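> Structure below; questions to follow.
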Amino acid sequence: MPSQASNGVCNGRLGNIRFIPLAYESTDPDSARKLVLALRPEWASPDSQVEFVRFTDGITNTLLKAVNKKEGLSEEEVDNSAILLRAYGNGTDVIIDRPRETQNHELLMRCGLAPELFARFNNGMMYQYIRGRPTAPADLRVPSIYLAVARRLAQWHATVPCIHETHPRKNSVNGATTNGHGGVDIDAVAPGKPSPNVWTVMQKWILALPTKTEAQRTRQADLQKELIRLVGELSQRPGLGENGLVFAHCDLLCGNVIIEPKQTASTNGNSSSQEQECVNFIDYEYATPSPAAFDIANHFAEWGGFDCDHGALPTRAQRAEFIQEYARTYFELLPKGEGKGDCSGGEVDVQAEAQKLLHEVDVFRGVPGFYWGIWALIQATISQIDFDYANYAELRLGEYWAWRAETDGSRERKGVEMPLRERRWAQAE
């Protein structure tokens, strides 16, 4: 793992990925083949057998695996040359900064934490296929796997520098610049935090919400007030990384966690790692500087899957075990001289740091519901994927309001039963 000299990277150092001036069209079965052959013209040879496998785990993009099953090749050899083609979902430029996503992928690739990015095209990208098995929600609850996730996430947070905007671009929402749009400057939503960050992302999404009806305008105003409240309460809390921000994945759902085949599991600076599970992360479109506590809380929320099975969330003992492994790995890998949260040099008390982080994750546990609730409200108006985004938005925002009612005492004052998600979070074992 190459060490990084700084916790911040200027955009200008990245951006050397090939561009193919073609597009993927779901209505044109041959469009994927044209893209793959533009990248691999040798796959047009008479002895080639190009096939496509469609993955359906995601709810943002179309993901295809292209393979060339030439005669005589083993399954591993076919996989080693396979290409993943990812076509962006309809209208998702409103919620995802695509140039930023390319920068994220290239940066992670340079750090040895992402597969090779082969090319971009008009509405997507093609990159190297990672051998392994995507997890299911139940897998995330297996100790050997969630400890592997903890180690890999710590590696991201400790070694990957945050990309900051040295010359902030004018943000655009629905074609209009948002410097002052509705009186809101996206880049300044969290004072003192370099842009972009998880707070500026949520601000951009709120400004992109539909406002055609009075109900929609009221909801946008309510969510804007709540974001201001969240920023005031949480954005300035001390945390790991410079400015309390780390390079965060922000979308560690089960489909983005890949279990490596045992025979190719790589060491991780740990003599016993050959006996451990190893995982990789894929899909970096939501990656952005964020408090480490948010990234971890967001992953824990995904233990319940898209069905939001709140009874499957980690207990306090499981969270503590995960965070202890995370903290141990984080401080082992943190380059010398880099900031260590509020540590002041010398030997780090990993146990104490883990306890602080465990508390911070508790503090941030409601924010993922707010984050994905806003996202789903936008997706409900733009996506062509067969998924009930409107209902998902209400489920996720409901998690946020339940957390808010628990933390401000209003649920108890009203004599309302504690919801399952909060009961599970409070469960010791």
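> Name the residue that is surrounded by the most Cβ atoms within 10 Å (Cβ to Cβ), counting only residues in the range 368-397 that are under 14 Å from Ile206 (Cβ atoms) and aliphatic (A, V, I, L, M).
Only one residue fits best here, namely Ile374.
> How do the pairs read when you match residues in the range 23-48 that are charged (D, E, K, R) with residues anywhere that are in a helix (DSSP H, G or I), using Cβ under 6 Å and keeping only pairs 6 or more apart or on different chains?
Taking only residues 6 or more apart or on different chains, the pairs are Glu25/Ser31.
> Looking at (1) of a type in the set (S, T, N, Q); (2) under 21 Å from Val142 (Cα atoms); (3) modelled with pLDDT under 95, which one does Ser344 not meet, given that it meets all the others?
Answer for Ser344: the failing condition is (2).
> Moving on. Quick check: is even one residue across the range 43-52 modelled with pLDDT of 90 or more, open to solvent by less than 30 Å² (accessible area, probe 1.4 Å) and closer than 25 Å to Gln384 by Cβ?
We begin by selecting, within the range 43-52, every residue modelled with pLDDT of 90 or more; these are 43-52.
Now narrow it down to the ones that are open to solvent by less than 30 Å² (accessible area, probe 1.4 Å): 43, 48, 50.
When the remaining residues are screened for being closer than 25 Å to Gln384 by Cβ, the result is none.
So far as the range 43-52 goes, no, none of its residues is modelled with pLDDT of 90 or more, open to solvent by less than 30 Å² (accessible area, probe 1.4 Å) and closer than 25 Å to Gln384 by Cβ.
> Right, next: Among the residues of the range 63-82 satisfying the criterion of being part of a helix (DSSP H, G or I) and over 24 Å from Ile20 (Cα atoms), which is nearest to the chain's Cα centre (by Cα)? Break it down stepwise before answering.
First, the residues of the range 63-82 that are part of a helix (DSSP H, G or I): 75-80.
This time we only want the ones that are over 24 Å from Ile20 (Cα atoms), so: 75-77.
Working: Glu75: 30, Glu76: 28, Glu77: 30 Å.
Result: Glu76.
> Something else about it: Got a sec? Which of Gly182, Gly112 is of a type outside the set (Ser, Thr, Tyr), open to solvent by 30 Å² or more (accessible area, probe 1.4 Å) and at pLDDT 95 or above?
Details: Gly182 fails: at pLDDT 95 or above.
When all the criteria are applied, what remains is Gly112.
> Tell me, please, whether a residue that is under 22 Å from the mean Cα position of the chain (by Cα) and at pLDDT 95 or above can be found in the range 212-223.
Going through the range 212-223, the residues under 22 Å from the mean Cα position of the chain (by Cα) turn out to be 223.
Still in the list and also at pLDDT 95 or above: 223.
Checking the range 212-223: at least one residue is under 22 Å from the mean Cα position of the chain (by Cα) and at pLDDT 95 or above.
> Answer yes or no as to whether Lys336 is under 24 Å from Leu234 (Cα atoms), at pLDDT below 95, among the basic types (Lys, Arg) and outside any helix (DSSP H, G or I). Spell out the reasoning first.
On the way: under 24 Å from Leu234 (Cα atoms): no; at pLDDT below 95: yes; among the basic types (Lys, Arg): yes; outside any helix (DSSP H, G or I): yes.
So Lys336 does not fit the description; no.
> Any residue at all in the range 263-272 that's among the aliphatic types (A, V, I, L, M) and modelled with pLDDT of 95 or more?
Filtering the range 263-272 down to residues among the aliphatic types (A, V, I, L, M) leaves 265.
Filter once more, keeping what is modelled with pLDDT of 95 or more: none.
So far as the range 263-272 goes, no, none of its residues is among the aliphatic types (A, V, I, L, M) and modelled with pLDDT of 95 or more.
> Kindly provide the set of residues from the range 53-77 that are open to solvent by 90 Å² or more (accessible area, probe 1.4 Å) and of a type in the set (Lys, Arg), ordered by number.
Of everything in the range 53-77, those that are open to solvent by 90 Å² or more (accessible area, probe 1.4 Å) and of a type in the set (Lys, Arg) turn out to be Arg54, Lys69.
> Looking at Arg86, Arg40, which one is basic (Lys, Arg) and either crowded, with 20+ Cβ neighbours inside 10 Å or in contact with a Cys (Cβ under 9 Å, 6 or more places away or on another chain) (or both)? I'd like the intermediate steps shown before the answer.
Details: Arg40 fails: either crowded, with 20+ Cβ neighbours inside 10 Å or in contact with a Cys (Cβ under 9 Å, 6 or more places away or on another chain) (or both).
None of the others qualify; the one that does is Arg86.
> What about Val173, is it modelled with pLDDT under 95, out of contact with any Pro (no Cβ under 8 Å at 6 or more places or on another chain) and buried (at least 18 other Cβ atoms within 10 Å of the Cβ)? Quick ask: steps written out before the conclusion?
Working: modelled with pLDDT under 95: yes; out of contact with any Pro (no Cβ under 8 Å at 6 or more places or on another chain): yes; buried (at least 18 other Cβ atoms within 10 Å of the Cβ): yes.
It is true that Val173 is modelled with pLDDT under 95, out of contact with any Pro (no Cβ under 8 Å at 6 or more places or on another chain) and buried (at least 18 other Cβ atoms within 10 Å of the Cβ).
> Follow-up. Is it the case that the range 289-308 has a residue that's free of Cβ contacts under 8 Å to residues at least 40 places away in the same chain, in a helix (DSSP H, G or I) and of a type outside the set (S, T, N, Q)?
Looking through the range 289-308, none of the residues is free of Cβ contacts under 8 Å to residues at least 40 places away in the same chain, in a helix (DSSP H, G or I) and of a type outside the set (S, T, N, Q).
> With the condition being in contact with a His (Cβ under 9 Å, 6 or more places away or on another chain), I'd like the helices (runs of 4 or more DSSP H) fully within the range 359-429 carrying at least 3 qualifying residues. Walk me through it before giving the result.
Working: elements: 367-382, 389-407, 410-413, 420-426.
Because the criterion is at least 3 residues that are in contact with a His (Cβ under 9 Å, 6 or more places away or on another chain), the helices (runs of 4 or more DSSP H) in the range 359-429 that meet it are 420-426.
The values are calculated or read from the model by the stated rules, or taken from the named source; none is laboratory data. Nothing here was measured: the structure is a model prediction, and the numbers come from that model. Note that we place each Cβ from the backbone using ideal geometry, even for glycine, and neighbour counts take in every protein chain shown. Accessible surface is based on the protein model in full, side chains and every heavy atom, while ligands, DNA and RNA are left aside. Shrake-Rupley method; radii C 1.70, N 1.55, O 1.52, S 1.80 Å.
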